[in-house]
Amino acid sequence: MTGARLKSLMTRRRRGAVALIAVAAMIPISAMIAANANSGQMVNERRLVQDGADALAAMHGTWTARSLNILAMNNVTETQLLTVAIGSEALAGTLTEIGIAVGTVNAAIGAHIVQYCNTGEAISAAACAAVNELVAIPADIIGLLALNMQFRYRPDHGMDVANRSLRAIEGMNRAIIERLPRAMREIGTDYAREMRIDEFHFADPCDSPEAKNCQRTNSNDGMALPVEKGGVETYMQFCAAMDRGALPGYTTFRARGFGASGGPMTKGGSRKPHVRDHIQALTRIDRHLKTFKDFYKNAVLVGTNGITKFPQWANLQGQQRRQDNSFLRRFNNKRNSLCFFGGTRNGIPALGLLPVIEAPVPTFWKLKDIHPFGLPITQPDKMPDAFRILALVQKDKGRRLAAQVLTEDVDSHFGYGQAGVYNPDGADIFSQNWRYRLMPATRMEDPSRMAGDLRRQAKSAFGPLATALSAVSGAAGWGRVNAH
C-alpha cells in the first residue's frame, strides 16, 4: 500500500516538468529567431543597397556611352558638313571673283575707249570703240558661264544648308554635355525610389567646366560627360578625320561607306576622290580661269596712241593653271584656316586677306585626359578616372526585432558600384562604338580621396562612410568599411 502511494506521488511530480524546460528554452530560442530575422533583414537591406549601387552605375554608364556615341556620330557629320561648306564657299568665292574680274575688264576697256577713241585721228571713234569692245567678249562669255554655274550648282544653297546644320549639331552637342549631370540626378532619383534607396551619390559630380546648371556641392548630380574643349591639336585631329576618316578605329566612317584611309574630304567625290578635284572636274572652273587669264595676258587695245597691251591690273590675279588657280587656293586656304587656326584670323597675320572659312566653326571636343593622337585605350580598367563612374548609395537601417536587447552599432547601410565606359575600337571621339561594363570599384582604392570627395560633394547621409574611409588602414580598415 505504501509502495503504490509513493509511486502515485512520484508520477504526479513528473507532470509539467517538460513545460518548465520548454519555457526556459523559449528565451534562447526567441533570441535565435530574432537574431536570424535581423540577420535576414540586414542581408536583404545589403542586397538592396548593392543592387541599387550597381543599377545606378550601370544607368550612368549607359547614358554616358550613349552620349559619347551621339557626339561621335555628330563629329563625323560635322566633318561632312564642313567639307560641303569649304567646297561651296571656295566655288562661290571663285565665281564672285570671276564676276568682279569681268566687271574690271569692261571698266578698263571703257576707260581706254573714253581716253583713246574720241579724237577721230587714226581711225574713227566708232570703229575704235567697236574693235576694243571685241576684247571684252571672252570675259563676258566666261561671266555668263560663271552665272550659269551659280544656278546649276547652287553653292550658296550648299553654304546655307551646311551652316544651319552645323549650328543645329553644335546646339545638340552642347545640350548633351551640359544636361548630363542633371539628367543623371533625375533618372537616379527614379531608380532610388523604385529600389527603396534613401540617398545616392556619384563621385566627382559636375567635375567639368562644360557642365552647366548643376549643383557642385551637397548634390546627387551625375558625373560630367568625359569631354572637354580642345585646342589646335584637336582641329588637326578633326581635319585628319576629314582626310583619313576610315582609319582603323573610325567605325562610323566605315559605316557610312568611306573606304580604307579615306574621309569625306578625300573620298567624297564621284568624279574624283578628293572633293576639291571633284568640284573642279565637275564645273571645269580651272579651264575657265585659265582661258580668262591667258586671253587677257596677251590681249591688246587700240587707240590714238597705237596698240597697247591690256592692263594686267584688270586681269585675274595670280596663277590660273590646273594645279594652281583661284579656286584651289581658296579651297586650300579655307581648309587650312579651319584645321590649324580654328577658322579665325586671330593670331595669324601671315594669312592677311586670304580667305578663311565662313561656316560657323563648331566646338571641337576631345576626350578628357586622353591626347587626341594618343595610343588607343580599349579596356575599362585602362581608361582614366573620368570614364570610371562610381555610384554610392545609402539606406537607413530598418527597424529590428528586440532592438533593445540585440543592439547594433550600424545605423546606415552603404554600397558602391562602378561602371567603366570604353570603346573597343580605341578611345576616339569619331568612333561610334562606345559601351559600358560593370567592373570592380577601383576608385575606392584611394579611401582618403574618396572620403574628401564625400565630405565636399555628398549629402550628410554619407558622413559616416566618409569617417569610416578616413580610418581605413590596411585590410582591417577595409573590413570595417565593408561591415557597413
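The values are calculated or read from the model by the stated rules, or taken from the named source; none is laboratory data. Predicted, not measured: the structure shown is a model, and the values here were computed from it. No Cβ is skipped: glycine too gets one built from the backbone with ideal geometry, and neighbour counts run over all protein chains shown.
In the range 134-147, the qualifying residues are those that are surrounded by 15 or more Cβ atoms within 10 Å (Cβ to Cβ) and assigned to a helix (DSSP H, G or I), and the one that is farthest from the chain's Cα centre (by Cα) is 138. Scanning the range 303-344 for residues that are closer than 20 Å to residue 142 by Cβ, assigned to a helix (DSSP H, G or I) and among the hydrophobic types (A, V, I, L, M, F, W, C) returns 313, 314, 327, 328, 331.
Would you call residue 182 of a type in the set (D, E, K, R), in a helix (DSSP H, G or I) and without any contact (Cβ under 8 Å) to a residue 12 or more places away in the chain? It is false that residue 182 is of a type in the set (D, E, K, R), in a helix (DSSP H, G or I) and without any contact (Cβ under 8 Å) to a residue 12 or more places away in the chain. Note on the range 431-459: residues that are touching a residue at least 60 places away in the same chain (Cβ under 8 Å) and more than 17 Å from residue 64 (Cβ to Cβ) amount to 7. Residues in the range 238-266 that are part of a loop (DSSP other than H, G, I, E, B) and either hydrophobic (A, V, I, L, M, F, W, C) or in contact with a strand residue (DSSP E or B) (Cβ under 7 Å, 6 or more places away or on another chain) (or both): 246, 247, 258, 260, 265. Here residue 235 fulfils each of the conditions (1) in contact with a Phe, Trp or Tyr (Cβ under 7 Å, 6 or more places away or on another chain); (2) closer than 19 Å to residue 68 by Cα; (3) in a loop (DSSP other than H, G, I, E, B) apart from (3).
Residue by residue, here is whether (1) of a type outside the set (Lys, Arg); (2) modelled with pLDDT under 90; (3) assigned by TED's automatic domain parsing to the domain that holds residue 136 holds:
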| residue | (1), (2), (3) |
| --- | --- |
| 322 | no, yes, yes |
| 328 | yes, no, yes |
| 333 | yes, no, yes |
| 346 | yes, yes, yes |
| 352 | yes, yes, yes |
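In the range 254-305, the qualifying residues are those that are touching a Leu at 6+ places or on another chain (Cβ under 8 Å) and in contact (Cβ under 8 Å) with a residue 60 or more places away in the chain, and the one that is surrounded by the most Cβ atoms within 10 Å (Cβ to Cβ) is 289. Just checking, how many residues over the range 259-299 are hydrophobic (A, V, I, L, M, F, W, C) and under 21 Å from the mean Cα position of the chain (by Cα)? So the count comes out to 1. The combined condition, being part of a helix (DSSP H, G or I), of a type in the set (A, V, I, L, M) and buried (at least 22 other Cβ atoms within 10 Å of the Cβ), is not fulfilled by residue 175.
Please find, within the range 428-438, the residue that is nearest to residue 237 (Cα to Cα) out of those that are of a type outside the set (Ser, Thr, Tyr) and surrounded by fewer than 24 Cβ atoms within 10 Å (Cβ to Cβ).
Step by step, filter the range 428-438, then rank; the result is 432.
Would you confirm, using the coordinates I've provided, whether residue 58 is in contact (Cβ under 8 Å) with a residue 40 or more places away in the chain, surrounded by fewer than 22 Cβ atoms within 10 Å (Cβ to Cβ) and small (Gly, Ala, Ser)? The answer is yes for residue 58.
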